[in-house]
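The values are calculated or read from the model by the stated rules, or taken from the named source; none is laboratory data. As the structure is a prediction and not an experimental result, all values here were calculated from the model. Don't worry about glycine lacking a Cβ; one is built from the backbone with ideal geometry, like all the others, and counts go over all protein chains shown. Ligands, DNA and RNA are excluded from the accessible area calculation, which covers all protein heavy atoms including side chains. Shrake-Rupley method; radii C 1.70, N 1.55, O 1.52, S 1.80 Å.
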Amino acid sequence: FCAIYSTFLQRGYDQVVHDVALQSLPVRFAIDRAGLVGADGQTHAGSFDIGYLGALPGFVVMGAADEVELARMVATQAAIDDAPSAVRYPRGSGLGLAIPDDISPLEIGKGRLIREGIRVALLSFGQRLSDVIAASDVLAAHGVSCTVADARFAKPLDEGLIRRLARSHEALITVEEGAAGGFGAFVMHFMAREGLLDRGLKVRTLHLPDIFQNHDTVQAQIAEAGLNASGIAQTVLAALSRDIGRNWRVLTSLPAE
């Protein structure tokens with residue numbers, strides 16, 4: 001096990017490639033400060049690990065939505081003995097959930113459905129799941145029924161889940177607290193290979209902006225990135241060509257976190 005900040009792990013990337021991934025060694029990376037870090041500033045923001053680890057053959061890459069999921073992902077890592085793995089989790093505290101005494105590993109590459117809807121599929125990876133759920137509540141109030149899914153894995157992807165979401169919804173929105181070229185890109189590549197983009201599916205990938213964000217509160221940074229509940233809801237409404245203006249009062253009344 002190697003517990004390390006995301007931003008520090010990127011400095012040892014050559015060793016990860018040649019000394020771990022190339023040899024399929026079961027090194028388990030527990031990646032702290034994955035995503036935005038508020039006042040810790042630009043040098044400590046863990047923006048890139050999804051993309052740079054997901055690019056490596058054989059790597060298992062997980063993102064925890066809460067502390068219970070994190071515990072299950074650590075148990076999953078302990079059970080993997082033939083490949084490198086990583087679980088990413090944010091700076092800060094959890095949601096206050098009770099962690100069960102008996103923690104069972106996850107099935108590799110399998111996500112979970114949080115709620116079933118009809119029109120829009122919201123596919124979350126990692127810590128923004130609570131905002132995705134809040135966005136689905138706002139959208140439901142405006143007559144937009146949403147399925148919410150937690151991918152759990154950026155690699156390997158839950159291909160069956162993605163096929164189901166793509167074939168049964170008008171739009172699919174991915175949400176991640178990481179740079180472009182990460183989870184959303186992996187999903188897009190898969191859908192392109194499968195021909196799931198050939199019949200007019202509306203797809204949007206929500207991720208961190210292509211800048212080094214200035215230090216601030218995490219909530220302000222998330223809002224700037226459009227990854228809070230109102231930002232996610234606005235993206236959905238725009239994708240569906242809805243009148244965002246008439247919904248502005250409701251969307252901006254949501255808390256930043």
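Structure notes:
- Given (1) within 16 Å of GLU176 (Cα to Cα); (2) β-branched (Val, Ile, Thr); (3) part of a loop (DSSP other than H, G, I, E, B), index of the condition VAL87 fails: (3)
- Tabulated pairs, region 38-59, first closer than 17 Å to LEU206 by Cβ and touching a residue at least 24 places away in the same chain (Cβ under 8 Å), second charged (D, E, K, R) and open to solvent by less than 30 Å² (accessible area, probe 1.4 Å), C-beta under 7 angstrom, 6+ apart or interchain: ILE50/GLU176
- Residues (part of a helix (DSSP H, G or I), under 15 Å from the mean Cα position of the chain (by Cα) and touching a residue at least 24 places away in the same chain (Cβ under 8 Å)) located in region 172-221: PHE183, ALA185, PHE186, VAL187
- Scope region 117-151; condition in contact with a Lys or Arg (Cβ under 8 Å, 6 or more places away or on another chain), open to solvent by 30 Å² or more (accessible area, probe 1.4 Å) and either under 27 Å from TYR89 (Cα atoms) or of a type in the set (A, V, I, L, M, F, W, C) (or both); matching residues: ILE133
- If you go through region 81-103 and keep only what is over 30 Å from GLN219 (Cα atoms) and in contact with a Lys or Arg (Cβ under 7 Å, 6 or more places away or on another chain), you end up with just ILE103.
- Pairing each residue of region 75-92 that is among the acidic types (Asp, Glu) with any residue that is at pLDDT 95 or above and part of a loop (DSSP other than H, G, I, E, B), provided the two are 6+ apart or on different chains, yields C-beta distances under 8 Å for ASP81/PRO26; ASP82/SER24; ASP82/PRO26.
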